[in-house]
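Notes follow the structure.
The values are calculated or read from the model by the stated rules, or taken from the named source; none is laboratory data. From a predicted model like this one, the values you see are computed outputs, not experimental measurements. Reconstructed Cβ throughout: ideal geometry from the backbone, glycine too, with neighbour counts over all protein chains shown.
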Amino acid sequence: MPKQLQPGILYVSEKFGTAAHLCACGCGEKIRTPLGPTEWSVRDTAAGPSVWPSVGNWQKPCQSHYVIQNGKVVRHAQWSAAQIAAGRHGEQQRRKAHYNAMYAKTSPWQRFWRRLKSLFGVE
């Protein structure tokens, strides 16, 4: 990622599994979105990139909320504190379900071996 991001450009690093852009509200904040099965996804279309799910900048002063769809920003209403908490809870539940499903697909031997390696700091 470049140190200086340009407005209107979505930077994507497949190698590092992340995307970055300047906040769509114009405040100039750098927004980074991790990419992955439990995070955001980027789809390239002929009309431009799409980022899903929506970007909610809850930790930034602007607290903007939008989707990037086919190269265009589609603004959404700001969320209340309760909506933000519910959204974060939903994210945690989706991550937990995803990783539990991955874990269930491994054999007991694989799980034992992975645990043993982690105890000794071996990857």
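The set of residues in the stretch 103-123 that are among the hydrophobic types (A, V, I, L, M, F, W, C) and either touching a Pro at 6+ places or on another chain (Cβ under 6 Å) or surrounded by 11 or more Cβ atoms within 10 Å (Cβ to Cβ) (or both) comprises Phe112, Trp113. Exactly one of (1) exposed (fewer than 13 other Cβ atoms within 10 Å of the Cβ); (2) out of contact with any strand residue (DSSP E or B) (no Cβ under 6 Å at 6 or more places or on another chain); (3) not polar (S, T, N, Q) is unmet by Glu29. Its number? Checking Glu29 against (1) exposed (fewer than 13 other Cβ atoms within 10 Å of the Cβ); (2) out of contact with any strand residue (DSSP E or B) (no Cβ under 6 Å at 6 or more places or on another chain); (3) not polar (S, T, N, Q), the one that fails is (1). Can you confirm whether Gln59 is part of a loop (DSSP other than H, G, I, E, B), in contact (Cβ under 8 Å) with a residue 12 or more places away in the chain and under 22 Å from Thr33 (Cα atoms)? Criteria not met by Gln59.
Taken residue by residue, the stretch 33-54 has at least one member that is in contact (Cβ under 8 Å) with a residue 40 or more places away in the chain, surrounded by fewer than 16 Cβ atoms within 10 Å (Cβ to Cβ), over 19 Å from Pro7 (Cα atoms) and out of contact with any Pro (no Cβ under 6 Å at 6 or more places or on another chain).
The number of residues in the stretch 1-26 that are buried (at least 18 other Cβ atoms within 10 Å of the Cβ) and either among the basic types (Lys, Arg) or in contact with a helix residue (DSSP H, G or I) (Cβ under 8 Å, 6 or more places away or on another chain) (or both) comes to 0.
Evaluation of Lys3 against the conditions (1) touching a residue at least 12 places away in the same chain (Cβ under 8 Å); (2) assigned to a loop (DSSP other than H, G, I, E, B) shows that the sole unmet condition is (1). Scanning the stretch 1-32 for residues that are under 17 Å from Trp79 (Cβ atoms) and either under 13 Å from the mean Cα position of the chain (by Cα) or in the same structural domain as Tyr99 (by TED's automatic domain parsing) (or both) yields a total of 1.
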